[in-house]
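This report refers to the structure that appears directly beneath it.
The values are calculated or read from the model by the stated rules, or taken from the named source; none is laboratory data. Remember, it's a predicted structure, so these values are computed and weren't measured experimentally. We place every Cβ from the backbone using ideal geometry, glycine too, and count neighbours over all the protein chains shown. Just the protein is used for accessible areas: all its heavy atoms, side chains included, with ligands, DNA and RNA removed. Shrake-Rupley method; radii C 1.70, N 1.55, O 1.52, S 1.80 Å.
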Amino acid sequence: GVLVVIRLRILGEALNLKEIMGDLSMPGQKVLWGIGGAIANAPVAIVLGLIGLQLFKALPTPTHPAVEELMNSKSPFAVIVFFFTAVVMAPLIEEITFRGLMLPSISRVAKSIPKGVLWSSLAFACIHPQGIALWPALAGLGAVCSLLAYQTRSLLPSMVMHAVHNGALMVLTLLFM
């Protein structure tokens with residue numbers, strides 16, 4: 001779906017992947033921005049996650065269907081597929097969609113970068129299957145990714161940050177479940 005959308009005109013502008021990805025010069029520096037963003041976001045995600053769990057404590061405990069499936073099988077193949085999906089594919093597709101397409105489009109329509117960050121981050125949170133209790137933490141992750149993409153004019157740092165975040169969650173899941 002993302003590849004089809006890239007070929008469409010959005011708000012009268014034709015898009016291509018190179019324009020969506022932004023500035024890819026100095027990739028080492030952009031990777032460091034992404035790692036730094038992931039480190040800086042960790043306490044934000046924890047606090048927002050705890051707030052969401054407290055606000056929605058009457059709801060069932062948030063879980064991810066893929067994590068449940070992984071825990072049931074624990075086969076090496078399942079771990080590899082889940083790792084590839086969570087750490088490579090999800091950051092690539094979601095960052096192109098939410099930071100590469102939605103953030104600039106919403107910002108342009110609303111004539112406001114903060115509104116673009118807010119609405120694209122809320123949309124990012126809503127597509128995740130963990131449930132409402134984790135939406136604040138997911139929206140926080142989306143907002144930090146948006147700020148990284150905006151600050152660096154590139155999706156590479158937000159992709160790296162997203163990948164580090166998902167990878168850390170996966171390692172913690174495998175270690176403690």
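For this structure, a couple of remarks:
- Condition check for Phe82 on (1) aromatic (Phe, Trp, Tyr); (2) in contact (Cβ under 8 Å) with a residue 40 or more places away in the chain; (3) closer than 27 Å to Ala58 by Cβ: one failure, at (3).
- If the condition is being in contact (Cβ under 8 Å) with a residue 12 or more places away in the chain, in a helix (DSSP H, G or I) and open to solvent by 30 Å² or more (accessible area, probe 1.4 Å), then segment 109-150 contributes Val109, Ile113, Leu118, Trp119, Leu122, Ile132, Leu134, Trp135, Pro136, Val144, Leu147, Tyr150.
- Residues that are surrounded by 13 or more Cβ atoms within 10 Å (Cβ to Cβ) and either within 13 Å of Ala139 (Cα to Cα) or of a type outside the set (S, T, N, Q) (or both) within segment 51-71 comprise Ile51, Gly52, Leu53, Leu55, Phe56, Pro62, His64, Ala66, Val67, Leu70, Met71, listed in sequence order.
- Selection of segment 76-108 for residues being aliphatic (A, V, I, L, M), open to solvent by less than 20 Å² (accessible area, probe 1.4 Å) and more than 12 Å from the chain's Cα centre (by Cα) yields Leu101, Leu103.
- Of the set (1) open to solvent by less than 70 Å² (accessible area, probe 1.4 Å); (2) more than 23 Å from Cys145 (Cβ to Cβ), all apply to Ala45 but (2).
- Of the helices (runs of 4 or more DSSP H) lying entirely inside segment 1-56, those containing at least 3 residues that are modelled with pLDDT of 70 or more span 17-21, 27-55.
- Meets criteria (within 20 Å of His162 (Cβ to Cβ) and among the polar types (S, T, N, Q)) for Gln54: no
- The residues of segment 23-39 that are under 17 Å from the mean Cα position of the chain (by Cα), open to solvent by less than 90 Å² (accessible area, probe 1.4 Å) and either within 10 Å of Leu156 (Cα to Cα) or touching a residue at least 60 places away in the same chain (Cβ under 8 Å) (or both), listed by number, are Lys30, Val31, Gly34, Ile35, Gly37, Ala38.
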